[in-house]
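Right, one structure below, let's go through it.
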Amino acid sequence: MRLLKSFLLTSGLCFAAASASAQNIACGQDYVVESGDYLSSIARRVYGDTANYTLIYSANVDVIGGDPGAINVGDRLFIPCLDGAVQASTADASAIRQRTIEALPGPSGDRPIRVLTATGWAPFMDEDQAQGGLLTEIINLALENADSKPEYQIDFINDDGAHLQPLITDHAYDISIGWSQPNCELFDKLEDESKFRCNNLAFSDPLYEEVLGYYSPSADPAFAEHSALHGKRICRAEAYTLAPMEEVDLVAPVIEVVRAPTAADCVNFILENKADAALIAVDVAEGRIAELGAQDRVQMHEALTFVDVLHAVIAKTHPQADEILAVVNNGLGNIKETGLWFQTVRRHMTAFRELSQG
């Protein structure tokens, strides 16, 4: 059974958005929670950074209780100031965020399954899309349709860097979605981030399989081997795994990795000569190429495509890891058997393509 809370995504509804007439929020004062509020949206309005929701939680744990997702309309929250009550500078903000995140509750038998999603990765996870994006809706449907009917809630925490460490590894949240599984059989070839995933995370059955393509200027010849990319600057979005490149020996110093703010921005990097090539999800790349009218300036190298499997993950050390993964996998199996998974994928991808094509 679903536990309906401020962060929870429910079937058939979009995430609540802050009212266009929402009151201004000043730090150093109290704020009364309104309909549609959640800690990360309040933090964005106060500090311009959703990651600082933990500062608000830490200052109001006596009001909110053990669950930072359970804020209620009418709750009176004190909003600390970064340069006053909290006294955080840019240099030490991440350290303060780390300390406050550590105050989040650990797992207990009577709480819902807590799921992390994020925004800014359309069409897969994005607050501006229906149901929070494709992957967010899939995990919601999987838990909704699991045989055990678990209570659960889904939170947007948009500090992606905090998802795996500390929120998942410290068990503040149970699962996070949208993660690739490295080929751990090639452990010695992997970079530290991929080794971390192999050592610390357990992976669900696939949520979705996306095709990644290598793109470069149309003036290049068609590449038939990954070795044709040696010596090049290859663009990959910030925080995206390099595991697909590691498997084919596209690692430093053989190549140079160039990071862009988003996957779609890698197309711009190619056009602006900030990168020689890019590894991007085909749907995302084709959307940006169409948006820019750059079909004659950028090409995909068909022979180098890679199928990237996206999963939900849980810490191997989580005391309920096997139980929670079994629930997720059961629900995924159910929605695939009924065709609901395929309908959901088709609806999201069709809408994304239509939006990209204007």
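Computed quantities for the displayed model
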item	result
Restricting the range 233-242 to residues that are free of Cβ contacts under 8 Å to residues at least 60 places away in the same chain and open to solvent by 50 Å² or more (accessible area, probe 1.4 Å), the residue that is nearest to Val257 (Cα to Cα)	Arg233
Selected residue (criterion: nearest to Arg288 (Cα to Cα)) from residues of the range 243-259 that are surrounded by fewer than 21 Cβ atoms within 10 Å (Cβ to Cβ) and aliphatic (A, V, I, L, M)	Val258
One residue from Val313, Val284, Val309 being within 18 Å of the chain's Cα centre (by Cα), surrounded by fewer than 16 Cβ atoms within 10 Å (Cβ to Cβ) and hydrophobic (A, V, I, L, M, F, W, C)	Val309
The lone exception for Gln153 - which of (1) closer than 19 Å to Val309 by Cα; (2) open to solvent by less than 10 Å² (accessible area, probe 1.4 Å); (3) of a type in the set (S, T, N, Q) it fails	(1)
Residue check, Leu167 part of a helix (DSSP H, G or I), touching a residue at least 12 places away in the same chain (Cβ under 8 Å), open to solvent by less than 50 Å² (accessible area, probe 1.4 Å) and not polar (S, T, N, Q)	yes
Number of the condition not met by Pro261 [criteria: (1) in contact with a helix residue (DSSP H, G or I) (Cβ under 9 Å, 6 or more places away or on another chain); (2) at pLDDT 90 or above]	(1)
Residue satisfying condition, being touching a Pro at 6+ places or on another chain (Cβ under 7 Å) and more than 30 Å from Ile42 (Cα to Cα), within set Cys198, Cys184	Cys198
Residue, modelled with the highest pLDDT, within the range 316-348, restricted to residues that are under 19 Å from Pro123 (Cα atoms) and either of a type in the set (Asp, Glu) or surrounded by fewer than 16 Cβ atoms within 10 Å (Cβ to Cβ) (or both)	Phe342
Residues that are within 17 Å of Lys336 (Cα to Cα) and not in a loop (DSSP other than H, G, I, E, B), drawn from the range 110-152	Leu134, Leu135, Thr136, Glu137, Ile138, Ile139, Asn140, Leu141, Ala142, Leu143, Glu144
Any hit, the range 4-26, residues being at pLDDT 80 or above and farther than 22 Å from Asp174 by Cα	yes
Matching residues in the range 196-229 - criterion: being open to solvent by less than 50 Å² (accessible area, probe 1.4 Å), under 22 Å from Leu271 (Cβ atoms) and in a loop (DSSP other than H, G, I, E, B)	Ser218, Asp220, Phe223
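The values are calculated or read from the model by the stated rules, or taken from the named source; none is laboratory data. Note that this is a predicted model, so its numbers are computed, not measured. Positions of Cβ are generated from backbone atoms using ideal geometry, with glycine treated the same way; all protein chains shown enter the neighbour counts. The accessibility values were calculated without ligands, DNA or RNA, using every heavy atom of the protein model including side chains. Shrake-Rupley method; radii C 1.70, N 1.55, O 1.52, S 1.80 Å.
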